1. Is there a residue in the stretch 248-255 that is among the β-branched types (V, I, T) and either over 20 Å from R208 (Cβ atoms) or surrounded by fewer than 17 Cβ atoms within 10 Å (Cβ to Cβ) (or both)?
2. In the list T104, T159, T90, T115, which residue meets the criterion of being among the polar types (S, T, N, Q), more than 25 Å from H41 (Cβ to Cβ) and under 21 Å from the mean Cα position of the chain (by Cα)?
3. Can you tell me which residue within the stretch 23-36, out of those that are modelled with pLDDT of 95 or more and open to solvent by 10 Å² or more (accessible area, probe 1.4 Å), is farthest from ligand 2 (Cβ to nearest atom)?
4. Go through R101, R60, R12, R6 for me and flag whichever is among the charged types (D, E, K, R), within 16 Å of ligand 1 (Cβ to nearest atom) and either surrounded by 19 or more Cβ atoms within 10 Å (Cβ to Cβ) or not in a helix (DSSP H, G or I) (or both).
5. Inspect all residues belonging to the stretch 137-157 and state whether any of them is open to solvent by 10 Å² or more (accessible area, probe 1.4 Å), closer than 18 Å to Y277 by Cβ and in contact (Cβ under 8 Å) with a residue 24 or more places away in the chain.
6. Could you grab the pairs with beta carbons closer than 8 Å, sequence gap of 6+ or different chains, first residue in the stretch 257-286 and surrounded by fewer than 24 Cβ atoms within 10 Å (Cβ to Cβ), second one modelled with pLDDT under 95 and of a type in the set (S, T, Y)?
7. Among the listed residues G34, G21, G46, which satisfies the condition of being in contact (Cβ under 8 Å) with a residue 24 or more places away in the chain and within 16 Å of ligand 1 (Cβ to nearest atom)?
8. Assess whether V82 counts as being open to solvent by 10 Å² or more (accessible area, probe 1.4 Å) and more than 16 Å from ligand 1 (Cβ to nearest atom).
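The values are calculated or read from the model by the stated rules, or taken from the named source; none is laboratory data. Nothing here was measured: the structure is a model prediction, and the numbers come from that model. Heads up, the Cβs are rebuilt from the backbone with ideal geometry, glycines too, and the neighbour counts pull from every protein chain shown. Please note that ligands, DNA and RNA were not included when accessible areas were found on the heavy atoms of the full protein model with its side chains. Shrake-Rupley method; radii C 1.70, N 1.55, O 1.52, S 1.80 Å.
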Amino acid sequence: MTGPGRPLEGRRFAAPRPRPGGAVLETVASEVCGTDVHLHHGRLPGVPYPIIPGHVSVGRVVETNGPLSDVGGNPIPAGALVTFYDVYGTCGACWHCLVARAATRCPHRRVYGITAPAGDGLLGGWSERIEILPGVRLVPLPDGLGPEDFLGGGCGLPTGFHAVERAGIALGDTVVVQGSGPVGLNAAIFAQLAGALRVFVVGSPRARLDAARRLGAEDTLDIADVPNPEDRVRWVRDRTSGRGADVVIEASGNPAAVPEGLEMLRDAGRYVVVGQYTDGGDVALNPHRHVNRRHATVLGCWGYEFSHLHRALAMMRRHDARFRWRELVTREYALADAAQALQDMENLSVVKALIRPQSGRN
Ligand SMILES: [Zn+2]
Ligand SMILES: [Zn+2]
(Lines give C-alpha, C1' and ligand atoms only; values in the text may rest on other atoms or scores of the structure.)
(Ligands and ions follow the chains in the order given, each with its own letter.)
Protein backbone atom coordinates (compact mmCIF):
# COMPACT_ATOMS: atom_id res chain seq x y z
CA MET A 1 0.00 0.00 0.00
CA THR A 2 1.99 2.94 -1.31
CA GLY A 3 -0.12 5.82 -0.07
CA PRO A 4 -3.65 7.07 0.62
CA GLY A 5 -5.92 6.60 -2.37
CA ARG A 6 -3.16 5.04 -4.48
CA PRO A 7 -3.61 1.64 -6.12
CA LEU A 8 -2.07 -1.34 -4.35
CA GLU A 9 1.20 -2.49 -5.87
CA GLY A 10 2.82 -5.92 -5.92
CA ARG A 11 6.49 -5.66 -5.01
CA ARG A 12 9.32 -8.15 -4.69
CA PHE A 13 11.55 -8.14 -1.63
CA ALA A 14 14.61 -10.20 -0.76
CA ALA A 15 13.66 -13.26 1.29
CA PRO A 16 14.12 -12.22 4.93
CA ARG A 17 16.49 -13.98 7.33
CA PRO A 18 15.66 -13.90 11.03
CA ARG A 19 17.59 -11.56 13.29
CA PRO A 20 18.96 -13.03 16.55
CA GLY A 21 15.92 -13.85 18.66
CA GLY A 22 13.60 -13.45 15.68
CA ALA A 23 11.94 -15.71 13.15
CA VAL A 24 10.52 -15.87 9.65
CA LEU A 25 7.05 -17.18 8.91
CA GLU A 26 5.57 -18.48 5.72
CA THR A 27 2.21 -16.73 5.66
CA VAL A 28 -0.80 -19.04 5.66
CA ALA A 29 -3.45 -16.32 5.79
CA SER A 30 -3.87 -12.73 6.90
CA GLU A 31 -7.03 -10.82 7.65
CA VAL A 32 -8.61 -7.91 5.83
CA CYS A 33 -10.33 -5.59 8.24
CA GLY A 34 -11.82 -2.14 8.53
CA THR A 35 -8.42 -0.82 9.54
CA ASP A 36 -7.07 -1.67 6.08
CA VAL A 37 -9.88 0.33 4.49
CA HIS A 38 -9.05 3.29 6.76
CA LEU A 39 -5.36 2.93 5.87
CA HIS A 40 -6.15 2.99 2.19
CA HIS A 41 -8.08 6.24 2.65
CA GLY A 42 -5.33 7.79 4.76
CA ARG A 43 -7.62 8.16 7.76
CA LEU A 44 -4.97 7.20 10.33
CA PRO A 45 -2.24 9.68 11.29
CA GLY A 46 1.43 8.73 11.34
CA VAL A 47 1.31 5.84 8.87
CA PRO A 48 4.75 5.45 7.20
CA TYR A 49 3.65 4.55 3.65
CA PRO A 50 4.53 2.40 1.80
CA ILE A 51 3.36 -0.33 4.16
CA ILE A 52 2.54 -4.02 3.83
CA PRO A 53 -1.00 -4.34 5.23
CA GLY A 54 -2.22 -7.26 7.26
CA HIS A 55 -1.74 -6.83 10.99
CA VAL A 56 -3.28 -10.10 12.22
CA SER A 57 -1.96 -13.20 10.47
CA VAL A 58 -1.24 -16.88 10.78
CA GLY A 59 1.91 -18.51 9.46
CA ARG A 60 4.23 -21.45 9.73
CA VAL A 61 7.64 -20.96 11.30
CA VAL A 62 10.20 -21.38 8.52
CA GLU A 63 13.32 -20.42 10.41
CA THR A 64 14.38 -19.01 13.76
CA ASN A 65 17.63 -17.47 14.91
CA GLY A 66 18.01 -19.01 18.34
CA PRO A 67 15.40 -20.96 20.33
CA LEU A 68 11.93 -19.45 20.73
CA SER A 69 9.25 -20.29 23.23
CA ASP A 70 5.67 -19.31 23.93
CA VAL A 71 4.62 -17.29 26.96
CA GLY A 72 4.37 -20.51 28.98
CA GLY A 73 7.98 -21.46 28.20
CA ASN A 74 7.16 -24.24 25.72
CA PRO A 75 9.51 -24.34 22.75
CA ILE A 76 8.23 -23.25 19.33
CA PRO A 77 9.93 -25.40 16.69
CA ALA A 78 10.23 -24.74 12.97
CA GLY A 79 7.04 -25.87 11.26
CA ALA A 80 4.76 -24.72 14.10
CA LEU A 81 1.53 -22.99 13.11
CA VAL A 82 1.47 -19.66 14.89
CA THR A 83 -0.02 -16.22 15.10
CA PHE A 84 1.73 -13.39 16.94
CA TYR A 85 0.94 -10.31 18.97
CA ASP A 86 1.09 -7.69 16.23
CA VAL A 87 2.65 -4.93 18.34
CA TYR A 88 6.35 -4.20 18.67
CA GLY A 89 8.45 -1.37 20.06
CA THR A 90 6.39 -0.84 23.24
CA CYS A 91 9.22 0.36 25.44
CA GLY A 92 8.27 -0.59 28.98
CA ALA A 93 10.27 2.43 30.12
CA CYS A 94 8.23 5.56 29.39
CA TRP A 95 5.61 7.47 31.38
CA HIS A 96 2.75 5.73 29.55
CA CYS A 97 4.20 2.26 30.14
CA LEU A 98 5.40 2.72 33.71
CA VAL A 99 3.28 5.39 35.37
CA ALA A 100 -0.05 5.35 33.57
CA ARG A 101 0.30 1.60 32.89
CA ALA A 102 -1.38 2.17 29.54
CA ALA A 103 0.94 0.23 27.23
CA THR A 104 -1.38 0.60 24.24
CA ARG A 105 -0.68 4.35 24.43
CA CYS A 106 3.13 4.00 24.53
CA PRO A 107 4.48 6.51 21.97
CA HIS A 108 7.06 3.98 20.76
CA ARG A 109 4.46 1.32 20.02
CA ARG A 110 4.29 0.12 16.43
CA VAL A 111 1.92 -2.32 14.82
CA TYR A 112 2.59 -4.80 12.02
CA GLY A 113 0.66 -3.89 8.89
CA ILE A 114 -0.24 -0.40 10.17
CA THR A 115 2.70 1.65 11.46
CA ALA A 116 5.54 -0.54 10.13
CA PRO A 117 7.24 0.91 7.03
CA ALA A 118 7.85 -1.57 4.20
CA GLY A 119 11.44 -0.30 4.16
CA ASP A 120 11.98 -1.97 7.54
CA GLY A 121 11.15 -5.45 6.21
CA LEU A 122 8.24 -7.80 5.67
CA LEU A 123 6.23 -6.51 8.63
CA GLY A 124 2.71 -7.21 7.34
CA GLY A 125 0.68 -10.26 6.45
CA TRP A 126 -0.22 -9.44 2.85
CA SER A 127 3.07 -10.99 1.92
CA GLU A 128 4.35 -14.51 1.30
CA ARG A 129 6.70 -14.25 4.27
CA ILE A 130 6.54 -12.33 7.53
CA GLU A 131 9.56 -11.29 9.52
CA ILE A 132 9.12 -11.74 13.28
CA LEU A 133 11.29 -9.17 15.01
CA PRO A 134 13.17 -10.07 18.20
CA GLY A 135 10.83 -9.67 21.15
CA VAL A 136 7.63 -10.11 19.14
CA ARG A 137 5.56 -12.75 20.91
CA LEU A 138 4.65 -15.80 18.84
CA VAL A 139 1.47 -17.59 19.87
CA PRO A 140 1.03 -21.19 18.67
CA LEU A 141 -2.53 -21.90 17.56
CA PRO A 142 -4.07 -24.24 20.14
CA ASP A 143 -4.81 -27.83 19.10
CA GLY A 144 -8.10 -28.01 17.30
CA LEU A 145 -8.04 -24.45 15.98
CA GLY A 146 -7.03 -23.76 12.39
CA PRO A 147 -6.05 -20.50 10.70
CA GLU A 148 -9.65 -19.92 9.54
CA ASP A 149 -10.99 -20.28 13.08
CA PHE A 150 -8.61 -17.75 14.55
CA LEU A 151 -8.86 -15.34 11.62
CA GLY A 152 -12.67 -15.60 11.64
CA GLY A 153 -12.23 -13.60 14.84
CA GLY A 154 -9.18 -11.70 13.59
CA CYS A 155 -8.32 -8.45 15.34
CA GLY A 156 -11.97 -8.24 16.37
CA LEU A 157 -11.37 -11.14 18.74
CA PRO A 158 -8.96 -9.46 21.19
CA THR A 159 -10.53 -6.04 20.56
CA GLY A 160 -14.04 -7.27 21.42
CA PHE A 161 -12.58 -9.12 24.39
CA HIS A 162 -10.86 -5.95 25.63
CA ALA A 163 -14.06 -3.90 25.24
CA VAL A 164 -16.02 -6.44 27.27
CA GLU A 165 -13.32 -6.44 29.95
CA ARG A 166 -13.58 -2.65 30.11
CA ALA A 167 -17.37 -2.88 30.34
CA GLY A 168 -17.25 -4.86 33.58
CA ILE A 169 -20.38 -6.84 32.71
CA ALA A 170 -22.20 -8.36 35.69
CA LEU A 171 -24.04 -11.69 35.69
CA GLY A 172 -27.51 -11.17 34.28
CA ASP A 173 -26.78 -7.85 32.57
CA THR A 174 -28.53 -6.67 29.44
CA VAL A 175 -26.04 -5.46 26.85
CA VAL A 176 -26.55 -3.48 23.65
CA VAL A 177 -23.79 -3.61 21.03
CA GLN A 178 -23.83 -0.81 18.46
CA GLY A 179 -22.21 -2.07 15.29
CA SER A 180 -22.24 -5.52 13.71
CA GLY A 181 -18.74 -5.69 12.25
CA PRO A 182 -16.13 -8.10 13.61
CA VAL A 183 -15.51 -6.03 16.76
CA GLY A 184 -19.23 -5.78 17.52
CA LEU A 185 -19.83 -9.48 16.84
CA ASN A 186 -16.94 -10.51 19.07
CA ALA A 187 -18.13 -8.11 21.77
CA ALA A 188 -21.55 -9.80 21.56
CA ILE A 189 -19.88 -13.20 22.01
CA PHE A 190 -17.70 -12.20 24.94
CA ALA A 191 -20.54 -10.29 26.61
CA GLN A 192 -22.43 -13.59 26.80
CA LEU A 193 -19.38 -15.42 28.09
CA ALA A 194 -18.94 -12.68 30.70
CA GLY A 195 -22.42 -13.41 32.02
CA ALA A 196 -24.77 -11.14 30.09
CA LEU A 197 -28.28 -12.56 30.11
CA ARG A 198 -29.42 -10.67 27.03
CA VAL A 199 -27.49 -9.15 24.15
CA PHE A 200 -28.97 -6.91 21.45
CA VAL A 201 -27.10 -5.81 18.35
CA VAL A 202 -27.88 -2.65 16.40
CA GLY A 203 -26.17 -2.55 13.02
CA SER A 204 -26.24 -3.39 9.34
CA PRO A 205 -26.32 -5.00 6.80
CA ARG A 206 -28.60 -8.01 7.09
CA ALA A 207 -25.92 -10.70 6.73
CA ARG A 208 -24.00 -9.33 9.71
CA LEU A 209 -27.15 -9.17 11.82
CA ASP A 210 -27.98 -12.75 10.85
CA ALA A 211 -24.52 -13.65 12.12
CA ALA A 212 -25.21 -11.76 15.37
CA ARG A 213 -28.37 -13.81 15.99
CA ARG A 214 -26.56 -17.05 15.19
CA LEU A 215 -23.97 -16.00 17.76
CA GLY A 216 -26.63 -15.61 20.43
CA ALA A 217 -28.01 -12.07 20.16
CA GLU A 218 -31.60 -12.13 21.39
CA ASP A 219 -32.69 -9.58 18.80
CA THR A 220 -31.13 -7.28 16.22
CA LEU A 221 -32.08 -3.94 14.71
CA ASP A 222 -31.14 -3.02 11.16
CA ILE A 223 -30.35 0.70 11.03
CA ALA A 224 -31.27 0.65 7.33
CA ASP A 225 -34.83 -0.32 8.30
CA VAL A 226 -34.99 2.12 11.22
CA PRO A 227 -33.13 5.25 10.13
CA ASN A 228 -34.41 7.47 12.93
CA PRO A 229 -32.15 7.34 16.04
CA GLU A 230 -35.09 8.09 18.37
CA ASP A 231 -36.88 5.01 17.08
CA ARG A 232 -33.78 2.93 17.74
CA VAL A 233 -33.56 4.23 21.30
CA ARG A 234 -37.24 3.38 21.78
CA TRP A 235 -36.56 -0.13 20.42
CA VAL A 236 -33.99 -0.66 23.18
CA ARG A 237 -36.20 0.85 25.88
CA ASP A 238 -39.15 -1.31 24.78
CA ARG A 239 -36.99 -4.35 25.50
CA THR A 240 -35.63 -3.13 28.86
CA SER A 241 -38.79 -2.13 30.77
CA GLY A 242 -38.26 1.44 29.62
CA ARG A 243 -35.01 1.74 31.57
CA GLY A 244 -32.29 1.15 28.98
CA ALA A 245 -29.44 -1.37 28.92
CA ASP A 246 -27.03 -2.01 31.78
CA VAL A 247 -24.10 -1.83 29.36
CA VAL A 248 -23.80 -0.37 25.86
CA ILE A 249 -20.71 -1.07 23.75
CA GLU A 250 -20.11 1.22 20.78
CA ALA A 251 -18.39 -0.66 17.94
CA SER A 252 -19.85 1.17 14.97
CA GLY A 253 -17.24 3.75 13.98
CA ASN A 254 -19.91 6.41 13.53
CA PRO A 255 -19.54 9.37 15.96
CA ALA A 256 -23.32 9.88 15.95
CA ALA A 257 -23.67 6.46 17.58
CA VAL A 258 -22.25 7.85 20.84
CA PRO A 259 -25.07 10.21 21.92
CA GLU A 260 -27.54 7.65 20.58
CA GLY A 261 -25.93 4.88 22.62
CA LEU A 262 -25.91 7.01 25.76
CA GLU A 263 -29.68 7.42 25.31
CA MET A 264 -29.92 3.60 25.20
CA LEU A 265 -28.11 3.31 28.54
CA ARG A 266 -29.89 2.91 31.85
CA ASP A 267 -29.18 5.19 34.80
CA ALA A 268 -25.82 4.26 36.36
CA GLY A 269 -24.95 2.10 33.34
CA ARG A 270 -21.59 1.65 31.66
CA TYR A 271 -20.76 2.85 28.17
CA VAL A 272 -17.65 1.69 26.28
CA VAL A 273 -16.39 3.39 23.12
CA VAL A 274 -14.21 1.04 21.06
CA GLY A 275 -15.42 1.71 17.51
CA GLN A 276 -14.05 5.23 17.00
CA TYR A 277 -10.71 4.03 15.68
CA THR A 278 -10.40 7.00 13.32
CA ASP A 279 -11.41 10.63 13.82
CA GLY A 280 -14.88 10.78 12.30
CA GLY A 281 -15.55 14.29 13.53
CA ASP A 282 -17.45 15.93 16.38
CA VAL A 283 -20.94 15.32 17.70
CA ALA A 284 -23.08 17.14 20.25
CA LEU A 285 -23.48 15.59 23.69
CA ASN A 286 -25.72 16.83 26.46
CA PRO A 287 -23.48 16.49 29.53
CA HIS A 288 -26.39 16.87 31.91
CA ARG A 289 -28.71 14.33 30.34
CA HIS A 290 -26.20 11.92 28.81
CA VAL A 291 -23.63 11.67 31.56
CA ASN A 292 -24.13 13.57 34.82
CA ARG A 293 -27.79 12.99 35.63
CA ARG A 294 -27.61 9.51 34.11
CA HIS A 295 -24.76 8.77 36.55
CA ALA A 296 -23.08 7.05 33.61
CA THR A 297 -19.62 5.53 33.45
CA VAL A 298 -18.06 6.24 30.04
CA LEU A 299 -14.89 4.38 29.03
CA GLY A 300 -12.61 4.42 26.01
CA CYS A 301 -10.79 1.32 24.77
CA TRP A 302 -7.68 1.61 22.60
CA GLY A 303 -6.02 -1.42 21.00
CA TYR A 304 -5.30 -4.55 22.96
CA GLU A 305 -2.49 -5.97 25.01
CA PHE A 306 -0.91 -9.39 24.76
CA SER A 307 -3.06 -10.52 27.65
CA HIS A 308 -6.24 -9.92 25.65
CA LEU A 309 -4.97 -11.94 22.68
CA HIS A 310 -3.79 -14.77 24.91
CA ARG A 311 -7.00 -15.04 26.91
CA ALA A 312 -9.32 -14.46 23.93
CA LEU A 313 -7.62 -17.31 22.06
CA ALA A 314 -7.99 -19.62 25.07
CA MET A 315 -11.68 -18.70 25.21
CA MET A 316 -12.02 -19.39 21.50
CA ARG A 317 -10.53 -22.84 21.97
CA ARG A 318 -13.03 -23.65 24.71
CA HIS A 319 -16.11 -22.18 23.00
CA ASP A 320 -15.49 -22.68 19.30
CA ALA A 321 -18.11 -25.43 18.95
CA ARG A 322 -20.74 -22.95 20.11
CA PHE A 323 -19.70 -19.85 18.19
CA ARG A 324 -17.90 -21.34 15.15
CA TRP A 325 -15.81 -18.29 14.37
CA ARG A 326 -14.69 -19.65 11.00
CA GLU A 327 -18.20 -19.16 9.66
CA LEU A 328 -17.57 -15.41 9.85
CA VAL A 329 -15.04 -15.75 7.02
CA THR A 330 -17.06 -14.83 3.97
CA ARG A 331 -14.40 -14.87 1.31
CA GLU A 332 -10.72 -15.58 0.65
CA TYR A 333 -8.50 -13.77 -1.84
CA ALA A 334 -5.16 -14.30 -3.52
CA LEU A 335 -2.59 -11.55 -3.03
CA ALA A 336 -3.26 -10.28 -6.54
CA ASP A 337 -6.91 -9.69 -5.58
CA ALA A 338 -6.16 -7.63 -2.48
CA ALA A 339 -7.72 -4.51 -4.01
CA GLN A 340 -10.96 -6.41 -4.51
CA ALA A 341 -10.81 -7.57 -0.90
CA LEU A 342 -10.48 -3.97 0.26
CA GLN A 343 -13.42 -2.92 -1.85
CA ASP A 344 -15.61 -5.77 -0.58
CA MET A 345 -14.70 -4.89 3.00
CA GLU A 346 -15.51 -1.24 2.39
CA ASN A 347 -18.97 -1.91 1.00
CA LEU A 348 -19.62 -4.43 3.80
CA SER A 349 -20.36 -7.29 1.40
CA VAL A 350 -18.10 -9.52 3.53
CA VAL A 351 -18.03 -10.03 7.30
CA LYS A 352 -14.44 -11.22 7.46
CA ALA A 353 -12.10 -11.57 4.50
CA LEU A 354 -8.78 -13.40 4.28
CA ILE A 355 -5.76 -12.93 2.07
CA ARG A 356 -4.03 -16.19 1.11
CA PRO A 357 -0.60 -15.10 -0.13
CA GLN A 358 0.37 -18.62 -1.25
CA SER A 359 -2.67 -19.05 -3.48
CA GLY A 360 -2.36 -18.20 -7.15
CA ARG A 361 1.46 -18.08 -6.80
CA ASN A 362 3.47 -19.13 -9.78
ZN1 LIG B 1 6.53 3.05 26.53
ZN1 LIG C 1 -7.66 -5.73 11.92
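1. Start the filter on the stretch 248-255 by keeping residues that are among the β-branched types (V, I, T), which leaves 248-249.
Those still in the list that are either over 20 Å from R208 (Cβ atoms) or surrounded by fewer than 17 Cβ atoms within 10 Å (Cβ to Cβ) (or both) too: none.
No, every residue in the stretch 248-255 fails to be among the β-branched types (V, I, T) and either over 20 Å from R208 (Cβ atoms) or surrounded by fewer than 17 Cβ atoms within 10 Å (Cβ to Cβ) (or both).
2. Numbers: T104 fails: more than 25 Å from H41 (Cβ to Cβ); T159 fails: more than 25 Å from H41 (Cβ to Cβ); T115 fails: more than 25 Å from H41 (Cβ to Cβ).
Exactly one of T104, T159, T90, T115 is among the polar types (S, T, N, Q), more than 25 Å from H41 (Cβ to Cβ) and under 21 Å from the mean Cα position of the chain (by Cα), namely T90.
3. Of everything passing the filter in the stretch 23-36, E26 is farthest from ligand 2 (Cβ to nearest atom).
4. Working: R60 fails: within 16 Å of ligand 1 (Cβ to nearest atom); R12 fails: within 16 Å of ligand 1 (Cβ to nearest atom); R6 fails: within 16 Å of ligand 1 (Cβ to nearest atom).
Selected residue: R101, the only one of R101, R60, R12, R6 that is among the charged types (D, E, K, R), within 16 Å of ligand 1 (Cβ to nearest atom) and either surrounded by 19 or more Cβ atoms within 10 Å (Cβ to Cβ) or not in a helix (DSSP H, G or I) (or both).
5. Yes, the conditions are met somewhere in the stretch 137-157.
6. Going by the 8 Å Cβ cut-off, the qualifying pairs are Y277/T35.
7. Details: G34 fails: within 16 Å of ligand 1 (Cβ to nearest atom); G21 fails: within 16 Å of ligand 1 (Cβ to nearest atom).
Exactly one of G34, G21, G46 is in contact (Cβ under 8 Å) with a residue 24 or more places away in the chain and within 16 Å of ligand 1 (Cβ to nearest atom), namely G46.
8. Values: open to solvent by 10 Å² or more (accessible area, probe 1.4 Å): no; more than 16 Å from ligand 1 (Cβ to nearest atom): yes.
Judged against the criteria, V82 is not a match.
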